[in-house]
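One structure below.
Throughout, read-outs are computed from the coordinates displayed, never taken from laboratory work. Model, not experiment: these values are computed from the prediction. No Cβ is skipped: glycine too gets one built from the backbone with ideal geometry, and neighbour counts run over all protein chains shown.
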Amino acid sequence: MAHHAPEHDYNDGTHAVHGKANVKPILRALAWIVGITAFEFLLAFTMPSSTLRNSIFIILTIFKAFFIVAEFMHLRHETKGLIWSIMVPMALLVWLLVALITEGSAVGEAIFSAYK
């Protein structure tokens, strides 16, 4: 069978040779995710339940999602326009979550104090 594609020697360090050049960024992202998760466990067992703790968990979860999307879903390698079209709605979603948690806590405390 004929081989029609030209052969290239990608062993100059700029291209992945059998996937070895991509291992370091993946392991770095994995280390960040594991570190953030360990910090979340530390907070879960040491900090009392509060709105602040829930907000910290949401922020840390968004950081973990950033590392997953950037490295494992290859968003880091996309054009800036696509990155911004994903990040701006995400920032608005974070703002919505913080607003809902804050307002929900205030309403919950008001209802709790009314029936106390």
Selected residue (only one of 85, 49 is among the hydroxyl-bearing types (Ser, Thr, Tyr), over 15 Å from the mean Cα position of the chain (by Cα) and not in a helix (DSSP H, G or I)): 49
Scope segment 53-71; condition surrounded by 15 or more Cβ atoms within 10 Å (Cβ to Cβ) and either among the small types (Gly, Ala, Ser) or outside any helix (DSSP H, G or I) (or both); matching residues: 55, 70
Complete set of residues in segment 74-89 that are closer than 21 Å to residue 23 by Cα and surrounded by fewer than 12 Cβ atoms within 10 Å (Cβ to Cβ): 74, 77
Pairs where the first residue, in segment 89-102, is assigned to a helix (DSSP H, G or I) and the second is surrounded by 10 or more Cβ atoms within 10 Å (Cβ to Cβ) and of a type outside the set (Val, Ile, Thr), C-beta under 8 Å, 6+ apart: 98/55; 101/54; 101/55
